Structure formats: structure tokens, C-alpha cells
1. With the cut-off at 1.5 for a/c, could you classify segment 83-326 from its C-alpha gyration tensor as rounded, prolate or oblate?
2. What is the packing order of peptides 86-95, 239-248, 306-315, taking the mean over residues of other C-beta atoms within 10 Å and listing the highest first?
3. Please report the antiparallel percentage of the DSSP beta bridges confined to the chain, to the nearest 5.
4. Within 10 Å, count the other beta carbons around each residue, average over each peptide in 182-194, 404-416, and list them highest first.
5. Determine, for each peptide in 37-50, 271-284, the mean count of other beta carbons within 10 angstrom over its residues, then list the peptides with the highest first.
6. Quick one: pull the percent of accessible area on the chain belonging to carbon and sulfur, 1.4 Å probe, ligands and nucleic acids left out.
7. So for segment 83-326: antiparallel DSSP bridges make up what percent, rounded to the nearest 5?
8. I need the fraction of alpha carbon pairs in segment 111-223 separated by more than 23 Å, rounded to a whole percent.
Amino acid sequence: MNEAESPNSPESHQYEVTDLLARARARIPGGVNSPVRSFNAVGGDPFFVARGEGAYLIDTNGNRYIDYVQSWGASILGHAHPAIVEAVQRAAADGTSFGASTEREVLLAEAICACVPSVEMVRLVSSGTEAAMTAVRLARGATGREKIVKFSGCYHGHLDALLVAAGSGVATLGLPGSLGVTAGAVADTIVTPYNDIEELGMVFDQYGDSIAAVLVEPIAANMGLVPADPAFLESIRKRCDAHGSLLVLDEVITGFRVGPAGAQGILGLRPDLSIFGKVVGGGLPLAAIGGSQAIMDQLAPNGGVYQAGTLSGNPLATAAGLAALDLLGESAYAALTDTATVLVEGLRTVIGDAGLSVQVPRVQTLAGLFFSADPVTDYEAAQAVDHERYAAFFRGMLRRGVYIAPSGYETLFPSLMHGGNEIEATLAAAGETAREIADEIS
Ligand SMILES: *Cc1c(COP(=O)(O)O)cnc(C)c1O
């Protein structure tokens, strides 16, 4: 690649999107480096981002979109926030990776522990998947047990042991949810429905003393947005305590997004292990696993659970993470909660006024969108909503300059840069799109 073709140069914007897409599809499977970017769930061709600017994405054809994906929630400060850009630039000037310790790793570990009371020690890794993989191995190593429990519709990254198809209402021993995942890799994974206390009780009655860990998203945000019933989370905690199993809270989305202590801070829940990603890396590849000293010290080199990473605690990523956490005080969360509230109430109104059945749940700073007459409380219900209508809504919004997640199984992530104008424009687009859809079906 020569100078003129660098991603930031104006020349690179002159490709027709279709050309770039054809080239991408020739050299990258599906043209994307992560499947949901493909638009397969909503139809149409994905755009290529030229740059981001606060609440907006600008594509390689010069179109501007109000962005509610925000790197799947990682960019809580909006794109190209000056504090993040400066922190990364300064860090880069001192070297991008050493494979040896740096001060910022200590500062970020201290900052995470200071925010999240259940976390006494952390290890930094590079992705949420890696954090979940480490959590599973650590829980098994620490308990000497093999089984893990997950809930249908919860996503914990693409590690084999957790890529398990949802059971349909009844607790099932895992069946692989992807080709290439062996039956052996998921033989010790138990899948049970989200928000179902009774089924969880049956799982523990049957397997309790061989369960190493229960992994759960405290606010499920990968089957659309589905809040957990507090009694459900409480019953997980109680069952884990009764059987000596570890509760692993997956705060990869919720951590540093719903409040400084994540969902556990809001719910008053004390997990044994927590995993973080997305926001904690300030938009760079960084994630973390944390918990009590007694458990975390079982990781190598102090303990016998091996875990390692060439780029772990990367200097650019720790710089971005520290800069992000520095800007995320209580007032930021209050402001973002207000933004999410106005967005959610507005969407409910304008889509409802068009005559479409819609559920627009909100939990703190997170928003969801289901075309459904009834609230969604588990994966089965999330699968039953009108995903075709979501796809039509997505396409209508995109044409009007608003980018929501290209799948009905995702969440809306307003950022701190989404101001009154952006919300107003979003609601205007949503009203027009909803009326257009209503006209088509009548
Ligand atoms: C995104 C996500 C992960 C995986 O993180 P990656 O960085 O994409 O590997 C894990 N858990 C939850 C809840 C997530 O939303």
C-alpha cells in the first residue's frame, strides 16, 4: 500500500462501494472480518467506514450516518474522541508493543479494581472472547470441576465451549452451535433458559456438585436487549454458593457502560469472576478478567492455570482505556441514561403511532428494539419477534442516515456524543420509516 492509498487519504474514498465490496468478498470470507457486519440478516450491501466523528460514521461514498452501533458499544465517548486520540498518539510515539510490563497496565488494573468492588485483581487480555475463555479455564482449574452452565441467547464470545445452541425450554446438555465445534468441546456445557429460576434449580439439583461455573450476562444484550429478573440473578448466586460453583458475570457490554461498577454495581450482585471488554479498552483491543485475589492468583505464573498473550495489556490499548475511564464519571452515566430514555420513549411513540407493535426496552444506558406485541424475557421470545420487520426498519433508517445494528438480535448503543439534534433526527427518521412500513402492509 503506498501513501496515496492509506486509509485516511482522500483518494481511498473514491472507490465505489460496490468495487470495494467485490474486492473484499474476493479476499475476505463474506467480505467481513466479523459476520454481523455482513448485513446478511437485514439485506443490502454493507458500507465501508471512512471515518467516525462523534455520533456519526462517514462512509467511503461520503454518506453520513448517526451511528447506534458505536463499535458494539465500545465507543461510549463517540468516535475519535479527542482525549482518546491524543492518548493513543502519545502512547504510539513511545512504542506500540513490548511484550514486557508497562506502568499503564498497573494504572488500568488499579482503576478497574477501584471501580468494581468484587474485583481485587485483574488480568488484561485483548478480546472479550479471550476473557471468557480464561474465565472458563480458571473456574475449572480453581474448582477442579468440569461442567459450566450458560443461558440460551447469552453470548460470551466464540470460544468452542460456549458456542452452544439454545435449548428449547428444557435444559439440555450442549449441542455444538457451529460447525467445527466438536461434541467433546461442549459435552460439559449445560444450556438452560434465561430468566428461568425453575430450570436452573433442576440443573443444579442434577449436576450441582460438578458445576465449575455459571456464566451469565447480567443484562442480556446479544438477543436484543433482555433484562434479567433480579430474582433470577439472585437465585444463580444462591445456587452457586450452595454448591461451591463460581458465578462469572459477563460484563463485556455492561461493564463501564451502565455505571462505573457495571451491572453488578446497580444490581448489588457480587460475582466470583467478572469479564470486561468493549468500553474498558476505549475502542482499542483490550478486555479483562477480574475477581478475588484467591481465585485470580491461580493464574500462571503464581498458579497452575495457564494463560498468556503477546499483545496483552498493549500500551496503546491501556492508554485508550485509561483515557476513557477518566472521562466516565457518574455525571456521564446520568447524561447517557437521559439520552437513552428520550430515545426509547421517542421510538416507542413514533413507531407505535404508525400502528406497529413494538417493544423498546431500556436498561440504564442500553436500548433495545423488538417488533413484538409482548415484552421479550428470553431467547425463545427473542426468536419469535418479527425479524423481517426489523430488517425493513433497518433499511428504512439507513436510507434516512441512521445506522442501527444490522440484526434484530442486537442492542442500540447511544454514545455521549448523541445530543438533542441527533435524537430528534433519529426519531424523525424512525417515524417516517414506521409509517412507510405501515403503509406497505395496509
Ligand atoms: C462482545 C461480547 C463478547 C465477546 O467480546 P469480543 O471482544 O468480541 O471477543 C463477550 N460477551 C459479551 C456479552 C459480548 O457482548
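The values are calculated or read from the model by the stated rules, or taken from the named source; none is laboratory data. The model shown is predicted, which means the values in this text are computed figures rather than measured ones. All Cβ positions, even for glycine, are placed from backbone atoms using ideal geometry, and neighbour counts span all protein chains on display. To get the accessible areas, we keep the full protein, side chains included, count just its heavy atoms, and leave off ligands, DNA and RNA. Shrake-Rupley method; radii C 1.70, N 1.55, O 1.52, S 1.80 Å.
1. Numbers: a/c = 1.83, a/b = 1.68, b/c = 1.09.
Here segment 83-326 falls in the prolate category.
2. Per-residue Cβ counts within 10 Å, averaged per peptide and sorted highest first, yield 239-248, 306-315, 86-95.
3. Numbers: 26 of 44 bridges.
Of those bridges, close to 60 percent are antiparallel.
4. On the way: 182-194: 19.3, 404-416: 23.7.
Result, highest mean Cβ count within 10 Å first: 404-416, 182-194.
5. On the way: 37-50: 16.4, 271-284: 28.2.
By packing density, highest mean first, the sequence is 271-284, 37-50.
6. Using a 1.4 Å probe with all protein chains present, the chain comes out at 51 percent carbon and sulfur.
7. Rounded to the nearest five, the antiparallel share is 45 percent.
8. That tail contains 28 percent of the Cα-Cα pairs.
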